[in-house]
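Notes follow once the structure below has been shown.
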Amino acid sequence: MYPPRTADMQEFREYLTRRRITSPTAVDFYLLWVRQCLRFRGKRPNDEIEQEDLDRFLKHQSRMRETWQVDQARHAIEIYRFWKNRATGRKSSLRKNGRTQWRAVIDEMHNMMRLRQLSLRTEQAYFSWVKRFYRHLKHKAPKTVDSTDVKHFMTYLAVERNVSAATQNQAFNAILFLFRHVLEKDIENIGEAIRARKKRRLPVVLTRDEVYQLFAQLSGTKLLMAKIIYGGGLRLQECLKLRVKDLDFDRNTIVVKSGKGDKDRETVMPQSIRIPIEAHLKSIRRLFDEDRKCNIAGVKLPGALERKLRKSGKEWGWFWVFPAKTLSMDPDAKVIRRHLVHSSGIQKKIKSAAQQAGIVKRVTVHTLRHSFATHLVEKGCDIRTVQELLGHNDLRTTMVYTHVASKNRLGIASPLD
């Protein structure tokens, strides 16, 4: 048995603390998991922890530990492996030219985002902003980038690009992630940058008649998706990612898994669409049976379940409610499987349906979610209940719908009326 060197553990502790990888109270536990894994596998201090070592250690721990402890151990050891590999290859990568250095930075950022289990949408948004930041720097080497560059970029977005406050904040969060977890630098004096003014905007809301006029222009699966989004207040991606097991017909509820902020919640299933949903499930069951007959790989499972429950992807309960009609390659697993339907189809259909219905408002799929919340407020539904159905963290986000309701909470009417 060879315990890890004290120097290595001290450097790893400083890395966890300085980069805020985890909470200060969990740092000691992260170090403990690494030590236990090395001892369990009889590793020397300088030996690497291979994937096989990790899998066997976690299998051993799962027999006596709670699930959350095993997950914490996995995260701690994966971070340690990332840190060790990064420390050994960092000096050689920084000796290369600026473009090659940025490629190495992007690779490290991708690995860190996966370790921190950020959503795919967040990854895509962060990568997009880092690329824009790179172009703004005119290919400046990453090791020479500092807080002044960030300040100039934030000012450029506000003054020349005239972006909204939310867009500027998203750009800053992406670059902050780059500095904190990849470049290992602090951003100082960012308050000197010109910030975009946060403006108050009311959401576009349809009346009930306009909703029915919109539905009259839709048919088939697109109509069913629109009714689920409006009837339950779902976001577009939440609707697309629904699985068969998320529909609870006994309780008339829809379970939204890993919504915005990676939160689960329950919302209502409209009874008026129960029969269409059951008919739709019968039609996709034939698609599911065809995939099983042809021995197609199961649908993609979220997070670590892809590894833990490998066969569950071929079970009916995990099948998409709205699957794609054709098979395609999974870029991560490199297998042919059936993915969920693409979002562009329903987006284009809603836009054209609004034009055909003669609705002059700017209508998107998200307008149906806004309409769901507003119509509940107009009916006198408790604002806290609306907040829970929408999955909002802050009640102030939900309160905006009280300002677009046909009658406000004070019941004030115009003097002209």
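What follows is calculated from the coordinates using simple rules that are stated; it is not laboratory data. A quick note: this is a predicted structure, and the numbers were derived from the prediction, not measured. As a convention, Cβ positions derive from the backbone with ideal geometry for all residues, glycine included, and neighbour counts pool all protein chains shown.
Brief remarks follow.
- Farthest positive-ward along the chain dipole, Cα basis, beta-carbon charges - from I79, A226, L214: I79
- Ordering of 285-294, 260-269 by burial proxy (mean other Cβ atoms within 10 Å per residue, highest first): 260-269, 285-294
- Backbone amide hydrogens, once placed in the peptide plane, bring V268 within less than 5 Å of I254, excluding anything fewer than 5 places away on its chain.
- The string of couplings for the stretch 362-376 from the Karplus curve (6.51, -1.76, 1.60, θ = phi - 60°) is 7, 9, 10, 4, 5, 4, 5, 5, 4, 5, 4, 5, 5, 5, 5 Hz, one whole number per residue in order, with x for Gly and Pro.
- Toward the positive end of the charge dipole of the stretch 98-192, with +1 on the Cβ of Lys and Arg and -1 on the Cβ of Asp and Glu, the farthest Cα among V130, I175, V159 is that of V130.
- Couplings 3J(HN,Hα) for the stretch 47-59, derived from phi with the Karplus relation 6.51 cos²θ - 1.76 cosθ + 1.60 (θ = phi - 60°), are 6, 8, 8, 7, 4, 5, 4, 5, 4, 5, 5, 5, 5 Hz, where x marks Gly and Pro.
- Charged-residue dipole, Cβ positions (Lys, Arg, Asp, Glu), the chain about Cα centre, Debye nearest 20: 940 debye
- Using a cutoff of 8 angstrom between alpha carbon atoms and counting only pairs six or more residues apart, the relative contact order for the chain works out to 12 percent.
- Working note: Debye formula, equal point scatterers on the alpha-carbon atoms of the stretch 6-94, no solvent; log10 I(q)/I(0) at q = 0.13, 0.16, 0.17, 0.20 Å⁻¹ is -0.42, -0.63, -0.71, -0.97.
- Summing Lys and Arg as +1 and Asp and Glu as -1 over all other residues whose Cβ lies under 10 Å from the Cβ of P302 gives a net charge of +2.
- Among 307-320, 66-79, sorting by the average number of other beta carbon atoms lying within 10 angstrom of each residue, highest first, gives 66-79, 307-320.
- Cβ-Cβ distance of S344 and S128, R₀ of 25 Å, FRET efficiency by 1/(1 + (r/R0)^6): the value works out to about 0.90.
- Dipole moment magnitude, nearest 20 debye, the stretch 6-94 about Cα centre, only Lys, Arg, Asp, Glu C-beta charged: 140 debye
- Efficiency of FRET between S23 and S312 - r from beta-carbon atoms, R0 35 angstrom, step 0.05: 0.65
- The Cβ shell under 12 Å around G358 holds other residues with a net charge of -1, Lys and Arg each +1, Asp and Glu each -1.
- Relative packing of peptides 99-109, 368-378, 116-126 - highest average C-beta neighbours within 10 Å first: 368-378, 99-109, 116-126
- Cross-link partners of K43 among lysines (Cα-Cα below 26 Å; sequence separation of 8 or more within a chain): K59, K84, K91, K308
- For the stretch 213-227, 3J(HN,Hα) per residue [Karplus equation, 6.51 cos²θ - 1.76 cosθ + 1.60, θ = phi - 60°, Hz, x = Gly/Pro]: 5, 5, 5, 5, 8, 10, 7, x, 5, 5, 5, 4, 4, 4, 5
- Alpha-carbon centroids, the stretch 272-308 and the stretch 102-175: separation in whole Å: 37 Å
- Among L16, I296, G317 - extreme Cα towards positive end, dipole of the chain, charges at beta-carbon: I296
- More than 38 Å apart - percent of Cα-Cα pairs taken over the chain: 37 percent
- Under-5 Å amide H pairs with K185, H placed in peptide plane, nonlocal only: R180
- Charge sum, other residues only, whose C-beta stays under 14 Å from R20's C-beta, Lys/Arg counted +1 and Asp/Glu -1: +3
- Entries of K241/K314; K257/K334; K222/K348 with Cα pairs more than 18 Å apart: K257/K334
- Using the rule -39500 (n - 2.57) for each DSSP H run of four or more residues, divided by the residues of the chain, the 222 nm mean residue ellipticity is -16500 deg cm²/dmol.
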